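The values are calculated or read from the model by the stated rules, or taken from the named source; none is laboratory data. Quick caveat: nothing in here was measured; it's all calculated off a predicted structure. Every residue, glycine among them, receives a Cβ derived from its backbone with ideal geometry; neighbour counts consider all protein chains shown. For accessibility, only protein heavy atoms count, side chains too; no ligands or nucleic acids. Shrake-Rupley method; radii C 1.70, N 1.55, O 1.52, S 1.80 Å.
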Amino acid sequence: MNKLLLKGGTLVSARGTKKADVLISGEKIVAVGKHLAADAQEISVSGKLIFPGFIDAHTHFDLEVSDTVTADDFEAGTKSAIAGGVTTVVDFATQNKGETLTDALNNWHMKAFANSSCDYAFHMAISDWREDIKKELPAMFEQGVTSFKVYMIYDAMELSDKAIYELMTELKQYGGIVGCHSENSGIIGKLREEAIARGDTAPVFHPRTRPDYTEAEAINRFLSIAKAADAPCIVVHLSTKAGYEEILRARQNGVKVYVETCPQYLLLDDSVYRNSFDESAKYICSPPLRKPEDNRALWNGLKAGNIDTVSTDHCSFTLEQKRAGESDFTKIPNGMPGVETRAMLMYTYGVKKHRISLPQMCAYLSENPARLYGMYPKKGAIKAGSDADLVVFNPKGNGVISAKNCHSKCGYTPFENVKTLGGIERVYLRGKLVCSDNDIILENSGRFITRGKVKL
Ligand code: URP
Ligand code: ZN
Ligand code: ZN
């Protein structure tokens, strides 16, 4: 068996840092410590930080939406992922109305199989809650799908409060969990209609028709459903201070809620929508970018440990695709790329700005998603027995983000020209070097990961 010894690095975990060597045999870490086996190929990582491979638990690759399909399929999206140090993505297998969950899962397996350069797992997004769907849930667990997403908005996806309650009570039996896209569809739908009727068709009306209280109201309702069902739940892509306050209140009332946010809600604000159509359309996502005070509240939430994960909601469209909404902002496909830039942004603007610690970065990008989504300690840990998914990170590097260096097919990044500190030097996926200094070394060696229950 091929053995590698990463020697002289500083290992990062959610609890702290320590100097230790990592011995890899085949696909697994077999020992962590000093004076390990002599019969291994030695690689000096002196002066480097070693993270457990990052996990992005919120991507949409090869997703059909708004009469188009995301620019990044699994092939491009997972190359983008490994260039960003991401060794596992959890993508959203998405049920179209009329389909069974088995149809949706098979469909996503076909999209990802043999096309993935990082490991991958699936959440199941349910758009059509029926009696026969309820009966399919055990089959999802048997196939390693243990987390589900519901939407409170979007005609193609919206579930009623009753359906969400039924799903939650059902999932409790199996140890599954529901994440929710929380926006009030009634208010937003009407505000959008009124804006278009007035002739307010520019991208700036996207955030104006999705005010912060529409997220807060939906979060409050989702958490009330979780309380009624006495079930754990996840708020995904939290974007507002008002929503964050609802979460803190619900926790005080005994609701077991986990929270995800994304770099765009930490680092960008709605001033970007004042620019030209092309410049604004890049940033059209839902929920929309908010205000600087929302950014600050989310950073404070991370610092205090009240937010559990930072994912990306990578859902990319080219500018040409975005131009479908040139005369009507409601027709702009929603979403932006992010899987490639998250770690650099969180290191530079989180750790180096003292908004979060290095162990917290490891918790939010690796260990917590592994635990929350039933992959720990196979993923998310540098321990004997864990998969040898590792990121060799140079804390001394610096660079500038630019689409020309990114692997996404969407052609731009929301963080163009943003300066970064540190650098992802090497990425190992189950013991194999897959990316080195932004060059993809090994393609399509990703594997489907079956998942168990929440272990946070
Ligand atoms: O605008 C976004 N975020 N699109 C992706 C789908 C979703 O709501 O997560
Ligand atoms: Zn969503
Ligand atoms: Zn999403």
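Given the options Cys315, Cys410, name the one that is farther than 17 Å from Gly53 by Cβ, within 16 Å of ligand 3 (Cβ to nearest atom) and not assigned by TED's automatic domain parsing to the domain that holds Gly84.
Cys410 is the lone residue from the list that is farther than 17 Å from Gly53 by Cβ, within 16 Å of ligand 3 (Cβ to nearest atom) and not assigned by TED's automatic domain parsing to the domain that holds Gly84.
Please go through segment 120-160 and pick out each residue that is among the small types (Gly, Ala, Ser) and more than 16 Å from ligand 2 (Cβ to nearest atom).
Ala121, Ala139, Gly144, Ser160
Between a first residue in segment 37-63 that is at positive phi and a second residue that is open to solvent by 20 Å² or more (accessible area, probe 1.4 Å) and among the charged types (D, E, K, R), which pairs have beta carbons less than 8 Å apart while being 6 or more apart in sequence or on different chains?
Gly47/Lys396; Asp62/Asp73; Asp62/Lys111
Give the residue, chosen from Gly385, Gly423, that is outside the structural domain of Val89 (by TED's automatic domain parsing) and within 21 Å of Leu5 (Cβ to Cβ).
When all the criteria are applied, what remains is Gly385.
Sort out which residues of segment 189-208 are surrounded by fewer than 22 Cβ atoms within 10 Å (Cβ to Cβ) and in a helix (DSSP H, G or I), and write them in order of number.
Gly189, Lys190, Leu191, Arg192, Glu193, Glu194, Ala195, Ile196, Ala197, Arg198, Phe205, Arg208
Within segment 209-224, restricting attention to residues that are among the acidic types (Asp, Glu) and within 13 Å of Gly186 (Cα to Cα), which residue is surrounded by the most Cβ atoms within 10 Å (Cβ to Cβ)?
Glu215
Could you identify the single residue in Gly16, Gly33 that is at pLDDT 95 or above, under 27 Å from the mean Cα position of the chain (by Cα) and surrounded by fewer than 17 Cβ atoms within 10 Å (Cβ to Cβ)?
That would be Gly16, the only listed residue that is at pLDDT 95 or above, under 27 Å from the mean Cα position of the chain (by Cα) and surrounded by fewer than 17 Cβ atoms within 10 Å (Cβ to Cβ).
If we keep just the residues of segment 36-77 that are within 28 Å of the chain's Cα centre (by Cα) and among the polar types (S, T, N, Q), which is most open to solvent (accessible area, probe 1.4 Å)?
Per the stated criteria, the residue is Ser66.
Restricting the first residue to segment 176-199 and requiring it to be under 30 Å from Met375 (Cβ atoms), which pairs with a second residue that is of a type in the set (Gly, Ala, Ser) and assigned to a strand (DSSP E or B) meet a Cβ separation below 8 Å and a spacing of at least six or different chains?
The qualifying pairs are Gly176/Ser147; Ile177/Ser147; Val178/Ser147; Gly179/Ser147.
Is segment 236-250 home to any residue that is in contact with an Asp or Glu (Cβ under 8 Å, 6 or more places away or on another chain), among the aliphatic types (A, V, I, L, M) and away from ligand 3 (no atom under 16 Å from the Cβ)?
Taking every residue of segment 236-250 in turn, at least one turns out to be in contact with an Asp or Glu (Cβ under 8 Å, 6 or more places away or on another chain), among the aliphatic types (A, V, I, L, M) and away from ligand 3 (no atom under 16 Å from the Cβ).
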